[in-house]
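Report on the following structure.
All of the numbers you see were taken from the coordinates with simple rules; none came from a lab. Keep in mind the model is a prediction, meaning the values are calculated, not measured.
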């Protein structure tokens, strides 16, 4: 066989391989999309039944870390994730409901602290507390002692020791207002924007110690003492 025919056959063989790989990849992608849609529909149905809610929007996905899941939005604007597991379903509806309630009731830090970029809330359950759906029927002030609530405040400015006093006074006033508004027991983390060298510039950490106790806050010096760099 001449070199010309060997070259032609080699090219044809390569093209066939490429076509086969392309078809296999497309079939795999189509199969993944079908599975994503199937799981999304299944999780929507389960969440609506579990919480007696109406889902108006869903977006299924797959990731190597989480597997198959879906982001769901209810008719009253609560957006949360649910994941499919082999013999179970994990969802974060209750956490998102309480996160929204905390922001609505206590998310007024901008009234006291300047240069706030973002306010967010982390919701966890205390040791020994079951994830009981009946807790959703309570007001946030009545359920907060069953939860581990942390308000995160991201500042849009880097730390500057010459301007720290102003931030600390704002944090103090916000913290005092939380106590007046039944927000006692909530942790606070106030984080500064990275500086020009992209280094962590520290945070004010009003959080529980290893014994579960919050620091005593009476004045601006106490706020300064919570700064961790």
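Could you work out how much longer the chain between residue 127 and residue 181 gets when fully extended? Use 0.36 nm per residue separation minus the Cα distance between them, nm to one decimal. Let's see the in-between values first.
Values: separation 54, 0.36 × 54 = 19.44 nm, distance 2.52 nm.
Fully extending the segment from residue 127 to residue 181 adds 16.9 nm.
Have a look at the DSSP beta bridges in the chain and tell me what percent are antiparallel, nearest 5. Roughly 85 percent of the beta bridges in the chain run antiparallel, per DSSP.
For the chain, find the longest principal axis of its Cα atoms and tell me its angle to the long axis of helix 93-106, 0 to 90°, nearest 10. It works out to around 40 degrees. Rounding to the nearest 10 and keeping the result within 0 to 90°, find how far the Cα-based axis of helix 3-51 lies from the longest principal axis of the chain. Once rounded, one gets 40 degrees.
Largest GNM mean-square fluctuation across 69, 107, 212, computed for the chain with C-alpha springs under 10 Å, falls on 212.
Specify the inter-centroid distance of region 169-229 and region 140-162, based on alpha-carbon positions, in whole Å. Distance between centres, Cα-based: 8 Å. Pairwise Cα distances in the chain exceed 27 Å in 54 percent of cases. For region 59-152, the normalised intensity computed at q = 0.11, 0.12, 0.20, 0.24 Å⁻¹ comes to -0.40, -0.48, -1.10, -1.27 (log10 of I(q)/I(0), Debye sum over alpha carbons, equal scatterers, no solvent). Taking max minus min of the alpha-carbon positions on each principal axis, region 94-228 gives extents of 49, 28, 27 Å, largest first.
For the chain, the longest principal axis of the alpha carbon atoms and the long axis of helix 164-180 meet at an angle near 80°.
Across 116, 151, 90, mean-square fluctuation computed from a Gaussian network of the chain (C-alpha pairs under 10 Å connected) peaks at 90. Here the Gaussian network model covers the chain, with springs between Cα atoms less than 10 Å apart; of 109, 164, 82, 164 fluctuates the most.
Taking 0.36 nm per residue of sequence separation and removing the Cα-Cα distance, the residue 173/residue 139 pair yields an extension gain of 9.8 nm.
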